[in-house]
Amino acid sequence: MFFIKASVKDRIEQISFAITEPEETFLAKLDRYLIDRAYKLVDISDSTGVTYEGLVAPSWFMAIFLTSLAAGGFLCLGLVLNYIFSSSLFLGLAVLAPLAGLFYWKKSERLEQIIFVTKEQANGKIFILTGHRDELKILETNLKIQPIEVD
């Protein structure tokens with residue numbers, strides 16, 4: 001049950017980094033990358049930064065995987081209850097497994113944001129990205145940015 005519930009949980013994180021290339025070049029590359037990933041520019045503000053928004057679609061693989069996982073769990077629970085109460089009716093719990101896939105399918109489609117902020121520090125500009133953990137990891141790899149620790 002924990003894994004099924006965790007499959008739809010928001011995992012928003014923040015990374016800070018400095019760039020080695022010219023700022024305009026990096027910003028154009030970031031914009032092009034996010035647009036290619038089906039994000040749209042929705043807001044530019046001095047106080048909140050630049051906000052991109054994209055729709056996260058549910059995954060067929062994940063829905064089938066969670067349904068299979070739930071079927072295995074319900075089958076095991078049914079076997080234990082069958083052993084304790086000597087009734088094979090409990091094996092029918094496995095028919096509830098598609099509810100796990102349905103739960104995931106309905107809850108996982110959502111709008112996701114990536115927010116980009118620039119801050120001045122004593123040693124130069126620091127760029128801060130806020131977004132879903134998995135999206136930020138892919139972005140780090142594709143744009144070859146190195147996260148730094150900020151005090």
Failed condition for K137, given (1) assigned by TED's automatic domain parsing to the domain that holds Q14; (2) at pLDDT below 85: (2)
Members of region 83-118 that are exposed (fewer than 14 other Cβ atoms within 10 Å of the Cβ), in contact (Cβ under 8 Å) with a residue 24 or more places away in the chain and of a type in the set (G, A, S): none
Among the strands (runs of 3 or more DSSP E) confined wholly to region 1-78, which include 2 or more residues that are surrounded by 11 or more Cβ atoms within 10 Å (Cβ to Cβ) and in contact with a Ser or Thr (Cβ under 6 Å, 6 or more places away or on another chain)? 40-45
For L89, work out the one condition from (1) modelled with pLDDT under 90; (2) touching a Ser or Thr at 6+ places or on another chain (Cβ under 7 Å) it doesn't fulfil. (2)
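The values are calculated or read from the model by the stated rules, or taken from the named source; none is laboratory data. All values reported here derive from a predicted model rather than from experimental measurement. Neighbour counts are summed over all protein chains in view; Cβ atoms, including those assigned to glycine, are modelled from backbone coordinates with ideal geometry.
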